[in-house]
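Each remark here refers to the structure printed beneath this line.
Just so it is clear, none of the values below were taken in a lab; they were calculated from the coordinates. Every value quoted in this text rests on a predicted model; they were computed, and no experiment measured them. In this analysis, Cβ positions are derived from the backbone assuming ideal geometry, glycine residues included, and neighbour counts consider all displayed protein chains.
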């Protein structure tokens, strides 16, 4: 086999209304070797990927693709289904694909399949080619031109578990945040094309003259001045105060000693955080003494030169999503926590919580897995705890100072937002 071309279609295209990846191959000698002439090939493939038995293919019923294998189909068609199945194993919800011969070029085929993430889709195609080749007799097991796909070969092209783990890791690293993901899913539910444009959550809705772009919940119509003010916590708070809204007293500092003096003037407990940050990075709450202020300042300063020190006010933490001037969803954000049972250590309770299927790494799921890192250990230490402590039955143990997870409080059903927002 030889790879001739690769294309990525991000919107409606000549072959489909769906985003598709196209890999054009020349089967060469394999044009004369459909699957029914390759001893052991079909059985070996199904043993590696049992999920292929669910593919309906042209018969539109489970087992259809297996039937095609036994009746005899060509390697391009096989690669299409393997690329789809590898994406499914990695968590990508894709089912659509087709393989067509290139007119006037015997042995040449366009392999086309749907994708959710471009990089994962291309990698799935490359691994599918190498996998199919590895199942062939030694004198046929070669794929030329595969460097065109830009995907390094796996240590073992038949190690499905390792390849699936690699694809899952790629999906996690490229996952959209909960707000962006909710908006993208809602757009797709309404039949609006949604295309990711970069690795920083820049997304395009629609095509042509009617297209719009967003980044998280900020759109192309968001005021630049408004966005900049929102990114400056101290300035935003000043403007809210001038409008008559209650805000906590605080100051901006650049030195640890200034932070300590500010905390003394404001009175403990205080909150210490970067002036321009997000996602709770570098934020320390419930700071109750000068030594803790020094540590909190060092943590915040890693995210920017200017640091905010302000009085801590009790209350709930909410995130509000507004679309076209209308509140469509409100989420209560809660710091990670576990509840004791009088029997298990905190580290065991964390393991139990992480068994929740809604939890994943980074943004891959609605909730984030709890990782016992340095910040978590410091939070426990401030409360006189360690991972080995055994809390009393029903006792709440806070593991983080800032919130990462969400609990939906309100949602406008006409928008059907994802429950993670």
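The table below lists the values:
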{"read-out": "Sites residue 5 and residue 258, calculated FRET efficiency, Cβ-Cβ separation with R0 56 Å, nearest 0.05", "value": "0.40"}
{"read-out": "Mean ellipticity per residue at 222 nm, deg cm²/dmol - from DSSP H runs of n ≥ 4 across the chain, formula -39500 (n - 2.57)", "value": "-9500 deg cm²/dmol"}
{"read-out": "Residue among 150, 104, 304 with the largest mean-square fluctuation in a Gaussian network model of the chain, springs linking Cα atoms under 10 Å", "value": "104"}
{"read-out": "Degrees, to the nearest 10: 290-301 long Cα axis against longest axis of the chain", "value": "40"}
{"read-out": "Prolate/oblate/rounded label for the stretch 18-63 (Cα gyration tensor, a/c 1.5)", "value": "oblate"}
{"read-out": "Rg in Å to one decimal, and Dmax rounded to a whole Å, for the chain via C-alpha atoms", "value": "26.9, 84"}
{"read-out": "Acute angle (nearest 10 degrees) that the helix 118-134 long axis makes with the longest principal axis of the chain, alpha-carbon atoms", "value": "40"}
{"read-out": "Added length on full extension, which subtracts the Cα-Cα distance from 0.36 nm per residue, residue 93 to residue 232", "value": "46.2 nm"}
{"read-out": "Neighbour-count order for 80, 255, fewest beta carbons within 10 angstrom listed first", "value": "255, 80"}
{"read-out": "Which of 326, 237, 103 has the fewest Cβ neighbours within 10 Å, and the rest in rising order", "value": "103, 326, 237"}
{"read-out": "Cα shape, the stretch 151-276, gyration tensor, a/c 1.5 rule", "value": "oblate"}
{"read-out": "Net length gained if the chain between residue 295 and residue 219 were fully extended (0.36 nm per residue, minus Cα distance)", "value": "23.7 nm"}
{"read-out": "Degrees separating the helix 256-266 axis from the principal Cα axis of the chain, which is the longest one", "value": "60"}
{"read-out": "Most mobile of 203, 307, 327 in a GNM of the chain (Cα contacts under 10 Å)", "value": "327"}
{"read-out": "Three-way shape label, the stretch 233-311, alpha-carbon gyration tensor, a/c 1.5", "value": "oblate"}
{"read-out": "Distance from the stretch 365-400 to the stretch 277-300 (C-alpha centre basis), Å", "value": "17"}
{"read-out": "Part-to-part distance (alpha-carbon centres) for the stretch 45-68 and the stretch 340-354, which is given in Å", "value": "42"}
{"read-out": "Residues in the stretch 210-249 that a label on residue 311 would reach, taking backbone N under 12 Å of a point 7 Å out along Cα→Cβ", "value": "246-249"}
{"read-out": "Mean separation of Cα contacts under 8 Å (6+ apart) over length of the chain, as relative contact order %", "value": "11"}
{"read-out": "Candidates 289, 147, 324, ranked by Gaussian network fluctuation over the chain, Cα under 10 Å, top entry", "value": "324"}
{"read-out": "Point-to-point label distance, residue 13-residue 381, nm (Cα→Cβ direction, 7 Å offset)", "value": "5.3"}
